[in-house]
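Novice: Take this structure first; my questions come after.
Values in this text are rule-based calculations from the coordinates and carry no lab data. Since the structure is predicted, the reported quantities are computational estimates derived from the model, not experimental observations. Note that each Cβ is placed from the backbone with ideal geometry, even for glycine, and that neighbours are counted across all protein chains shown.
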């Protein structure tokens, strides 16, 4: 009830989009209610047009949440599903509680239930003791899944973490640079290919404001989380408009008012 009440307060202040944020949000349980129940309750608040959430854990992704995403018009068709690594040994060291095969099966299941879903992820390269072969397993998994985008990071030791206490940061900076450059190049090609599928489509866009490169070009987000650039006329932040996609790069879609 407190989340729903806070959502109603935000609507009264002019907001129409909310993001439910937490660690392993899909493990939420309260008074017999699941995270899917919470998502539906928030999405049903009058005035709410979009509900997003982050971050779920691959080990605990129930079908009722997928049903909610697939069926509710106000729940965005976007899932950020952290992968972290494609090697089962490295996943074990990270205490991820799932294997690479289980991750792939979950992705297949998600796409069966929500064919037009947008999938994004996080990946950490150069985790202590990760071999070149184990890095290549991550590359192979990325090529299989074909994420819409990925946040790719090199591992860096952090005080107070289990990894920092147990293992030295033993992957050289040169090797880390090689790995992140290679995987970013691969993912950028996938990004571009995924984005080009949307050329000719019309999306409802939540206007955010001027783009980084030009005040005459504004940007917004569609239901799938894509960044869309369009020529600015009289739109204001918070407006909802329809934009037809004319071109695409690895990081943005470009279009015009439909």
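Novice: Under a plain spin-label model, where a point goes 7 Å from the Cα along Cα-to-Cβ, how far apart in nm are residue 174 and residue 63?
Specialist: 5.3 nm
Novice: Now, a different point. In percent, what relative contact order does the range 132-222 have, based on Cα pairs under 8 Å that are 6 or more apart in sequence?
Specialist: Relative contact order here is 26 percent.
Novice: Just to confirm the number: angle between the C-alpha axis of helix 100-113 and the first principal axis of the chain, 0 to 90 degrees, nearest 10?
Specialist: 20 degrees
Novice: Okay, next question. Which whole-number percentage describes the relative contact order of the chain, with Cα contacts under 8 Å and a sequence gap of 6 or more?
Specialist: Here the relative contact order equals 13 percent.
Novice: While we're on this one: Using only Cα atoms and rounding to the nearest 10 degrees, what angle (0 to 90) does helix 2-12 make with the longest principal axis of the chain?
Specialist: 50 degrees
Novice: Rank the residues 91, 21, 205 as a footprinting-exposure proxy: fewest other Cβ atoms within 10 Å of their Cβ go first.
Specialist: 21, 91, 205
Novice: Which of the following values of volume of the Cα convex hull per residue in Å³ was calculated from the structure shown: [x] 219; [y] 151; [z] 176?
Specialist: [y]
Novice: Right, another one. Using 0.36 nm per residue, how much length does the chain from residue 6 to residue 258 gain when fully extended, once their Cα-Cα distance is taken away?
Specialist: 87.3 nm
Novice: Rounded to the nearest 0.05, what FRET efficiency is calculated for residue 189 and residue 166 with R0 set to 41 Å and r the Cβ-Cβ distance?
Specialist: Details: r = 35 Å, r/R0 = 0.86.
Efficiency at R0 = 41 Å is approximately 0.70.
Novice: Between residue 197 and residue 132, what length in nm is gained on full extension when 0.36 nm per residue of separation is reduced by their alpha carbon distance? Can you show the working numbers first?
Specialist: Numbers: separation 65, 0.36 × 65 = 23.40 nm, distance 3.27 nm.
Contour length minus the Cα-Cα distance gives 20.1 nm.
Novice: Before anything else, pin down the relative contact order of the range 202-257: Cα pairs under 8 Å, at least 6 apart, normalised by residue count, whole percent.
Specialist: Result for the range 202-257 is 35 percent.
Novice: If you rank 149, 247 by fewest surrounding Cβ atoms within 10 Å, what's the result?
Specialist: Listed from fewest to most nearby Cβ atoms, that is 247, 149.
Novice: Could you line up 27, 156 from fewest to most neighbouring Cβ atoms inside 10 Å? Intermediate values should be presented prior to the final figure.
Specialist: On the way: 27 15, 156 10.
Exposure proxy ranking, most exposed first: 156, 27.
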